[in-house]
1. Is it true that some residue in segment 24-43 is assigned to a loop (DSSP other than H, G, I, E, B), polar (S, T, N, Q) and touching a strand residue (DSSP E or B) at 6+ places or on another chain (Cβ under 8 Å)?
2. Filter segment 44-61 down to the residues that are within 18 Å of residue 1 (Cβ to Cβ) and in contact (Cβ under 8 Å) with a residue 40 or more places away in the chain, then identify the one that is surrounded by the fewest Cβ atoms within 10 Å (Cβ to Cβ).
3. Have a look at 67, 20 and point out the one that is assigned to a helix (DSSP H, G or I) and open to solvent by less than 40 Å² (accessible area, probe 1.4 Å).
4. Please verify whether segment 28-36 includes one or more residues that are of a type in the set (A, V, I, L, M), under 20 Å from residue 70 (Cα atoms) and more than 9 Å from the chain's Cα centre (by Cα).
Amino acid sequence: MKDQVLAFLKKQEAYISGEEMSQSLGVTRAAVWKAIKKLQGEGYIIESSTKKGYKLVEKPNVITPAELAPMLC
(Lines give C-alpha, C1' and ligand atoms only; values in the text may rest on other atoms or scores of the structure.)
Protein backbone atom coordinates (compact mmCIF):
# COMPACT_ATOMS: atom_id res chain seq x y z
CA MET A 1 0.00 0.00 0.00
CA LYS A 2 2.75 2.44 0.93
CA ASP A 3 4.44 1.95 -2.45
CA GLN A 4 1.15 2.70 -4.21
CA VAL A 5 0.69 5.88 -2.17
CA LEU A 6 4.28 6.93 -2.90
CA ALA A 7 3.83 6.35 -6.63
CA PHE A 8 0.61 8.35 -6.54
CA LEU A 9 2.28 11.25 -4.70
CA LYS A 10 5.20 11.28 -7.13
CA LYS A 11 2.79 11.89 -10.03
CA GLN A 12 1.30 14.96 -8.34
CA GLU A 13 2.80 18.43 -8.34
CA ALA A 14 0.11 20.00 -6.18
CA TYR A 15 -1.62 18.86 -3.03
CA ILE A 16 -3.87 15.83 -3.38
CA SER A 17 -6.63 15.08 -0.93
CA GLY A 18 -6.64 11.89 1.11
CA GLU A 19 -10.19 11.30 -0.11
CA GLU A 20 -9.15 11.48 -3.77
CA MET A 21 -6.18 9.19 -3.17
CA SER A 22 -8.28 6.67 -1.27
CA GLN A 23 -10.89 6.55 -4.04
CA SER A 24 -8.28 6.20 -6.79
CA LEU A 25 -6.43 3.45 -4.92
CA GLY A 26 -9.58 1.69 -3.71
CA VAL A 27 -8.69 1.89 -0.01
CA THR A 28 -9.84 3.83 3.03
CA ARG A 29 -8.55 7.26 4.00
CA ALA A 30 -7.17 5.64 7.15
CA ALA A 31 -5.07 3.29 4.99
CA VAL A 32 -3.72 6.28 3.06
CA TRP A 33 -2.90 8.06 6.33
CA LYS A 34 -1.06 5.00 7.68
CA ALA A 35 0.95 4.71 4.46
CA ILE A 36 1.86 8.42 4.67
CA LYS A 37 3.07 7.94 8.25
CA LYS A 38 5.21 4.95 7.22
CA LEU A 39 6.74 6.92 4.36
CA GLN A 40 7.50 9.82 6.68
CA GLY A 41 9.16 7.35 9.04
CA GLU A 42 11.40 6.25 6.15
CA GLY A 43 12.56 9.82 5.56
CA TYR A 44 10.12 11.11 2.94
CA ILE A 45 9.07 14.71 3.57
CA ILE A 46 5.33 14.81 2.97
CA GLU A 47 3.43 17.96 3.81
CA SER A 48 -0.14 17.64 4.96
CA SER A 49 -2.61 20.47 5.07
CA THR A 50 -6.22 20.59 6.18
CA LYS A 51 -8.53 21.15 3.22
CA LYS A 52 -5.64 20.63 0.74
CA GLY A 53 -4.33 17.13 1.40
CA TYR A 54 -0.83 15.71 0.98
CA LYS A 55 2.18 16.71 -1.09
CA LEU A 56 5.53 14.96 -1.51
CA VAL A 57 8.20 17.59 -0.87
CA GLU A 58 11.43 15.62 -0.66
CA LYS A 59 12.72 12.08 -0.98
CA PRO A 60 15.28 10.65 1.46
CA ASN A 61 18.97 10.56 0.54
CA VAL A 62 19.02 6.77 0.66
CA ILE A 63 18.03 4.23 -1.94
CA THR A 64 14.91 2.42 -0.84
CA PRO A 65 13.25 -0.55 -2.52
CA ALA A 66 10.40 1.78 -3.56
CA GLU A 67 12.88 4.07 -5.34
CA LEU A 68 14.79 1.22 -6.97
CA ALA A 69 11.88 -0.93 -8.18
CA PRO A 70 10.73 1.32 -11.07
CA MET A 71 14.27 1.32 -12.46
CA LEU A 72 14.39 -2.47 -12.64
CA CYS A 73 11.40 -2.85 -14.96
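1. Of the residues in segment 24-43, the ones assigned to a loop (DSSP other than H, G, I, E, B) are 26-28, 42-43.
Within this subset, residues satisfying the condition of being polar (S, T, N, Q) are 28.
When the remaining residues are screened for being touching a strand residue (DSSP E or B) at 6+ places or on another chain (Cβ under 8 Å), the result is none.
Looking for residues that are assigned to a loop (DSSP other than H, G, I, E, B), polar (S, T, N, Q) and touching a strand residue (DSSP E or B) at 6+ places or on another chain (Cβ under 8 Å), one finds none in segment 24-43, hence no.
2. 56
3. Values: 20 fails: open to solvent by less than 40 Å² (accessible area, probe 1.4 Å).
Among 67, 20, only 67 is assigned to a helix (DSSP H, G or I) and open to solvent by less than 40 Å² (accessible area, probe 1.4 Å).
4. Looking only at segment 28-36, we keep the residues that are of a type in the set (A, V, I, L, M), and these are 30-32, 35-36.
Narrowing further to those that are under 20 Å from residue 70 (Cα atoms): 35-36.
Checking the rest, the ones that are also more than 9 Å from the chain's Cα centre (by Cα) come to none.
No, every residue in segment 28-36 fails to be of a type in the set (A, V, I, L, M), under 20 Å from residue 70 (Cα atoms) and more than 9 Å from the chain's Cα centre (by Cα).
Each row is one residue, and each column tells you yes or no for (1) among the β-branched types (Val, Ile, Thr); (2) in contact with a Leu (Cβ under 8 Å, 6 or more places away or on another chain); (3) open to solvent by 90 Å² or more (accessible area, probe 1.4 Å); (4) modelled with pLDDT of 95 or more.
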{"residue": "13", "(1), (2), (3), (4)": "no, no, yes, no"}
{"residue": "34", "(1), (2), (3), (4)": "no, no, yes, yes"}
{"residue": "37", "(1), (2), (3), (4)": "no, no, yes, yes"}
{"residue": "63", "(1), (2), (3), (4)": "yes, no, yes, no"}
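The values are calculated or read from the model by the stated rules, or taken from the named source; none is laboratory data. These figures come from a predicted structure and were not determined experimentally. Virtual Cβ from ideal backbone geometry, glycine too; neighbours counted across all protein chains shown. These accessible areas exclude ligands, DNA and RNA; they are computed on the full protein's heavy atoms, side chains included. Shrake-Rupley method; radii C 1.70, N 1.55, O 1.52, S 1.80 Å.
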